[in-house]
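*Asks:* My questions will all concern the structure given below.
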Amino acid sequence: MVVKDLHKSFKELNAVNGVSFSIHKGEIFGLLGPNGAGKTTTIRIMSTVLEADSGDITIGGHSISHEAEAVRSIIGVCPQELALYEDLSALDNMVFFGRMAGLEGTEAKAQAMTNLELMGLVERAKGRVAKFSGGMKRRINLAIALMGHPQLLFLDEPTVGIDPQSRNHIYENILGLQKKGMTILYTTHYMEEADRLCNRVAIMDGGQIITMDTPYQLKSQIGPPEKVTLEDVFLKLTGRSLRD
Amino acid sequence: MKRALFITLNEVRMYLQDKADLAFGLLLPIITFALMYGAFGGQTMFKATAPVVNEDGGTYSAQLIEQLDKVSGIKVELLKASEADIKLERSDLLLVLFIPSGFSETLKSGGKAELVFKQRGNGGQEGQILSSIIRGVVEDMNQGFQVRHQVESNLQGKGIPENSIEVTVQNLLDKEHQQPAVGVTEEVVGGSPDFISLYLPGIITMYVLFSLTMSARTIVEERRRGTLERLLTTRLNTGELFIGKFLSTVARGFVQTLILLVLSYAVLRIFTPISFLASVVIALVFVAAAAALGMIIASIARSEEAANWIAVVFTMFMVMMGGTFFQVSEGSVLATIGKISLNTYANEALRTVITEGGSLGDTLQPLAVMAGVVIVGLVVSRLIFKAVPGSK
């Protein structure tokens, strides 16, 4: 994926202001930054939901502005907010989104069961999502994004507000997906999460990328990598804490 | 198109999962039918209470009240003058018959007596019917008096006792009533011309407008769940999304309307099999047109409250201007404004079939208008959704 000089404004607010980066195949790329940094807007543009004011994005050789449908056929999106039909079962949710992703009936069901197994929820396949815990809903949210074998997966803060057990489960799944060759764009404001998972990270603030490299290299810029954190890097670059 | 059908199936599945929503959706037409049947069913004859103030208290006023009470469907309620005035003032009653004091004495002396109708406005529909019935009873009494006076004046001075003349004349009048010179026979042609067949089209069209509200909410419900954005990152395009939502609303609205029609067919027996099928087709086209209009609201509304309010305004306008419960006179201002109400065309089509015994072929024009609304509604809603910033 190649992002070139992306701009997006909402009235007076420059949500995304000249963002450029590229993600290599099979890489986990982290987009970090505090709330309001422009991460979600960038993902919404990349996932064809929002139109950019200017700039271009190419995913798998397809331009997002001219071949949006082709782009949608190779991406999977796990939005920050839960996007589920709570009255339906986990399996029904997954099969439905599988059909939306272009899978045939039996294939959608088989893939749904595989993904539920991956998330450790196969025994709850027929349970109503409304009765699931927050962590289980997060895992279903992620499992749905995997329907249709996407080549590029957008994960927008997939671990927000969940228990450590579910969070670890999601980390393992993400690393497992990478091993299978999937490319992942991961946004988070938890720096330790990015440090643990991402091959490269871009730190965003005020709609711009202020630095981009491997977590190790970024940390090396300000001190011994084993002693400093990405949060320290952010503090050094912006003079602010991530939680300010 | 396949994905549009999955959207429809998903929507229907969620509807079936929500037991409260399902129960409400299926019970509503049954309750509507029960209310309609309770209000109009079986009441094919006019029934009313005739409020009477008898300030006379004489023989002839008692006779008038007795005659009135004998009329089928009429029950006389005697009131005091002050009581009647208050009820008229409050519009509890719209018409009261006042028998003034001296009424009987005037008649006995051969003079001309007067009855008084006190009424609010035109007395209302029931008042006007009552007034006609009372006039009929009075006309009968008048004829009796005329005959008696005629006979008495002819037999005056011939030594026949007055009592004997009275009895003989009364017997002749009774005989005349039993075997009138001019009789009237009722012949029922087609469906019975009762209140149900007059009001059923209006009730169906008002009912179908629930589809408008249902479809107006479909997109904001997806947005509230967060699933709208997720759907738009799949291979589903906005056209498929809108058609899927439209079809699910049509399915739900049509099932509800069908329940109402089937109950009307089975219980009220106002349909022939052909007119029933024609009504089903009209209802289906109308449900589709209402759902398509609802999709335009869905493409504009940003919250469920907004969707509901806009749908309510649309519905109120269409019910009021579309002649749902009263027929709008041709050429009136209301009729001109009503041309933009979907109900006008649905009512016209349903009345043609149910009330006037017409065929589906007679309703092609209103059906074509409604089908046009379906196409325009779907195209416009999709265009608005794509064009308005922040729709997604």
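Quick note: the coordinates plus some simple rules give every number you see, no bench work behind them. Since we're looking at a predicted model, the values are computed, not measured. As a convention, Cβ positions derive from the backbone with ideal geometry for all residues, glycine included, and neighbour counts pool all protein chains shown.
*Asks:* If the limit is 24 Å between Cα atoms, which of B:Lys339/B:Lys386; B:Lys80/B:Lys175; A:Lys109/B:Lys2; A:Lys39/A:Lys137 go over it? The partial results should precede the final answer.
*Replies:* Values: B:Lys339/B:Lys386 29 Å; B:Lys80/B:Lys175 36 Å; A:Lys109/B:Lys2 17 Å; A:Lys39/A:Lys137 22 Å.
Among B:Lys339/B:Lys386; B:Lys80/B:Lys175; A:Lys109/B:Lys2; A:Lys39/A:Lys137, the Cα-Cα distance tops 24 Å for B:Lys339/B:Lys386; B:Lys80/B:Lys175.
*Asks:* Based only on the alpha carbon positions, what is the Kirkwood hydrodynamic radius of chain B, in angstrom?
*Replies:* 25.5 Å
*Asks:* Related question: Say a paramagnetic label sat at a point 7 Å from the Cα of B:Glu139, along Cα to Cβ; which residues of region B:96-133 have their backbone N under 17 Å from it?
*Replies:* B:115, B:128-133
*Asks:* Using the Cα atoms of region A:38-83 to build a convex hull, what is its mean projected area in square nanometres?
*Replies:* On the way: hull surface 13.7 nm².
Result: 3.4 nm².
*Asks:* In deg cm²/dmol, rounded to 500, what helix-only [θ] at 222 nm does chain A give when every DSSP H run of at least 4 residues adds -39500 (n - 2.57) and the total is split over its residues? Write out the running numbers ahead of the final one.
*Replies:* Working: 9 runs with 88 residues, N = 244.
For chain A, the value works out to -10500 deg cm²/dmol.
*Asks:* Still on this model: What list of ³J(HN,Hα) values in whole Hz, one per residue of region A:160-165 in order, does the Karplus curve 6.51 cos²θ - 1.76 cosθ + 1.60 (θ = phi - 60°) give from phi, with Gly and Pro shown as x?
*Replies:* 5, x, 10, 6, x, 5
*Asks:* Out of all DSSP beta bridges with both ends in region B:48-178, state the antiparallel percent to the nearest 5. It would help to have the intermediate numbers written out before the result.
*Replies:* Numbers: 4 of 13 bridges.
Counting DSSP beta bridges with both partners in region B:48-178, the antiparallel share is about 30 percent.
*Asks:* Report P(r) for chain A: all Cα-Cα distances, bin width 5 Å, range 0 to the bin holding the largest distance, values in whole percent.
*Replies:* Bin by bin from 0 Å, the calculated values are 1, 7, 14, 17, 19, 17, 12, 8, 4, 1, 0.
*Asks:* While we're on this one: Evaluate Rg over Rh across the protein assembly as shown, taking Cα atoms for both radii and Kirkwood's formula for Rh.
*Replies:* Working: Rg = 38.6 Å, Rh = 30.8 Å.
With Rg and the Kirkwood Rh in hand, the quotient comes to 1.25.
*Asks:* With each run of n ≥ 4 DSSP H residues scored as -39500 (n - 2.57), what mean residue ellipticity at 222 nm is computed for chain B after dividing by its residue count and rounding to the nearest 500 deg cm²/dmol?
*Replies:* Details: 16 runs with 264 residues, N = 392.
Helices in chain B give a 222 nm mean residue ellipticity of -22500 deg cm²/dmol.
*Asks:* Got the relative contact order for chain B handy, in percent, Cα pairs under 8 Å and 6 or more residues apart? Could you put the intermediate results ahead of the total?
*Replies:* Values: 477 pairs, mean separation 72.6, N = 392.
So the answer I get is 19 percent.
*Asks:* Over chain A, what relative contact order in percent results from Cα pairs under 8 Å that are six or more residues apart?
*Replies:* Details: 457 pairs, mean separation 64.9, N = 244.
This gives 27 percent for chain A.
*Asks:* Would you kindly derive the ³J(HN,Hα) couplings of region B:360-372 from the backbone phi angles with the Karplus curve 6.51 cos²θ - 1.76 cosθ + 1.60 (θ = phi - 60°), listing them in order in whole Hz, with x for Gly and Pro?
*Replies:* Once θ is set to phi - 60°, the couplings for region B:360-372 become 4, x, 6, 10, 4, 5, x, 5, 5, 4, 5, 5, x Hz.
*Asks:* For region A:14-88, which trypsin sites (Lys or Arg not before Pro) are both in a DSSP coil and crowded by at most 13 other Cβ atoms within 10 Å?
*Replies:* Details: sites: A:Lys25, A:Lys39, A:Arg44, A:Arg72; in loops: A:Lys25.
Passing both the DSSP loop test and the Cβ count: A:Lys25.
*Asks:* To continue, here is another question. Straight-line reach only, C-alpha to C-alpha below 16 angstrom: list the lysines that A:Lys236 could link to, leaving out same-chain residues fewer than 8 apart.
*Replies:* Output for A:Lys236: A:Lys219, A:Lys227.
*Asks:* Could you quote the convex hull projected area for region A:12-93, Cα atoms only and averaged over all directions, in nm²?
*Replies:* Details: hull surface 29.7 nm².
For region A:12-93, averaging the hull's shadow over all directions gives 7.4 nm².
*Asks:* Same structure, new question: Relative contact order for region B:48-178: what is it in percent, counting Cα pairs under 8 Å that are at least 6 residues apart?
*Replies:* Working: 142 pairs, mean separation 30.4, N = 131.
That works out to 23 percent.
*Asks:* Right, another one. What ranking of A:Val77, B:Val220 emerges when the number of other C-beta atoms within 10 Å of each C-beta is taken as an exposure proxy, fewest first? Working shown, then result.
*Replies:* Working: A:Val77 26, B:Val220 21.
So the ranking, lowest neighbour count to highest, is B:Val220, A:Val77.
*Asks:* Here's a follow-up. With θ taken as phi - 60° and the coefficients 6.51, -1.76 and 1.60, list the Karplus ³J(HN,Hα) couplings across region A:188-194 in order, rounded to whole Hz; mark glycine and proline as x.
*Replies:* 6, 10, 8, 5, 5, 5, 5
*Asks:* So, how do all the Cα-to-Cα distances of region B:48-178 break down into 5 Å bins, in percent, from 0 on up?
*Replies:* The calculated distribution, bin by bin, is 2, 10, 18, 20, 18, 13, 8, 6, 4, 2, 1, 0.
*Asks:* So if each residue of separation counts as 0.36 nm, and I subtract the Cα-Cα distance between B:Ser303 and B:Glu114, what length gain in nm does that give? Intermediate results must be reported in sequence, preceding the final value.
*Replies:* Values: separation 189, 0.36 × 189 = 68.04 nm, distance 6.54 nm.
Extra length available between B:Ser303 and B:Glu114 comes to 61.5 nm.
*Asks:* Okay, next question. Once the piece of chain linking A:Tyr216 and A:Lys4 is laid out straight, how much longer is it, given 0.36 nm per residue of separation minus the C-alpha distance between them?
*Replies:* Details: separation 212, 0.36 × 212 = 76.32 nm, distance 2.50 nm.
This chain segment gains 73.8 nm when fully extended.
*Asks:* As a test, work out the antiparallel percent of DSSP beta bridges whose residues both lie in the protein assembly as shown, rounded to the nearest 5. Can you show the working numbers first?
*Replies:* Numbers: 23 of 50 bridges.
Here the share of antiparallel DSSP bridges comes out near 45 percent.
*Asks:* Next question, about the same structure. Which of B:Gln146, B:Gln128, B:Gln178 ends up with the largest GNM mean-square fluctuation for chain B, with Cα atoms connected below 10 Å?
*Replies:* It is B:Gln178.
*Asks:* Could you list A:Ile64, B:Ile74 so that the one with the fewest beta carbons within 10 Å of its beta carbon is first and the one with the most is last? Present the calculation step by step, with values, prior to reporting the outcome.
*Replies:* Working: A:Ile64 24, B:Ile74 18.
Listed from fewest to most nearby Cβ atoms, that is B:Ile74, A:Ile64.
*Asks:* For chain B, give the magnitude of the charge dipole about the Cα centre (Cβ charges: +1 Lys/Arg, -1 Asp/Glu; no others), in debye to the nearest 20. Intermediate results must be reported in sequence, preceding the final value.
*Replies:* Details: 33 positive and 35 negative charges, 519 e Å.
The calculated dipole for chain B is roughly 2500 debye.
*Asks:* Same structure, new question: Check each of the trypsin sites (Lys or Arg not before Pro) in region B:46-124 and keep only those in coil by DSSP with at most 12 other C-beta atoms within 10 angstrom; list them in order.
*Replies:* Within region B:46-124, the qualifying trypsin sites (Lys or Arg not before Pro) (loop, at most 12 other Cβ atoms within 10 Å) are B:Lys47, B:Lys80, B:Arg90, B:Lys112.
*Asks:* Calculate log10 I(q)/I(0) of region A:93-175 for q = 0.16 Å⁻¹, where I(q) comes from the Debye formula with a single equal point scatterer on each Cα and nothing for solvent.
*Replies:* Debye output, listed in q order: -0.57.
*Asks:* Of the DSSP beta bridges with both residues in chain A, give the percent that are antiparallel, rounding to the nearest 5.
*Replies:* Numbers: 19 of 37 bridges.
Around 50 percent antiparallel, to the nearest 5.
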